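To keep things clear, I will list the structure first and then write my remarks on it.
The values are calculated or read from the model by the stated rules, or taken from the named source; none is laboratory data. On a predicted model such as this, the values are computed, not experimentally measured, just so you know. Protein only, heavy atoms only, side chains kept; ligands, DNA and RNA dropped before computing areas. Shrake-Rupley method; radii C 1.70, N 1.55, O 1.52, S 1.80 Å.
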Amino acid sequence: MDLAPYVDHLRRELAIAAGAGGEEARALAERLAATLESATRLALLEALSAAADEITHDLSPGSVEVRLRGRDPDFVVTPPPATRPPEESEPGRAGKPPLPPPPDADEGGTSRISLRVPEHLKPRIEEAAAHDGLSVNAWLVRAVSAALDPAAGNRSAHRSGNRYSGWVR
């Protein structure tokens, strides 16, 4: 998605509004518009991210992600998986407790963190997320939720001080 037309439109509107104040006001508006371009882009990106979060909440367990490609955002839509009986969709899961549901956005606001994982884990995480029909982000949030609240996810885990041990699928 190219943000340039939106930023240019805002710049033109500012110039038109400043034109009523005379040539000096117009010159000031042009200088301000040039310095505000990055702030305008950031505000637009924040609005797009907030919209993607709202759509993801309604689309759960599907998701919409905003990714930056250079200076412009791209949208990645992961539709919810088709519902099938567990024995058809996940071989070997029949009779096992269900996986915890994706997190609910109503539990509070969202925060961004940067997670660094060893290179050999990244493809395994992506494969597990694809297997469950989730985005990597949704899969990681579900895995963290299950690790922090093992009773909710019916997972075996042990907490010792600030450390957790156990398995998360």
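Can you work out D for the range 1-82 in µm² s⁻¹ from Stokes-Einstein, where Rh is the Kirkwood radius over C-alpha pairs, the temperature is 37 °C and the viscosity is 0.692 mPa s?
Details: Rh = 14.7 Å.
Estimated diffusion coefficient is 224 µm²/s.
For the range 1-50, with all protein chains in place and a probe radius of 1.4 Å, 63% of the accessible heavy-atom surface sits on carbon or sulfur.
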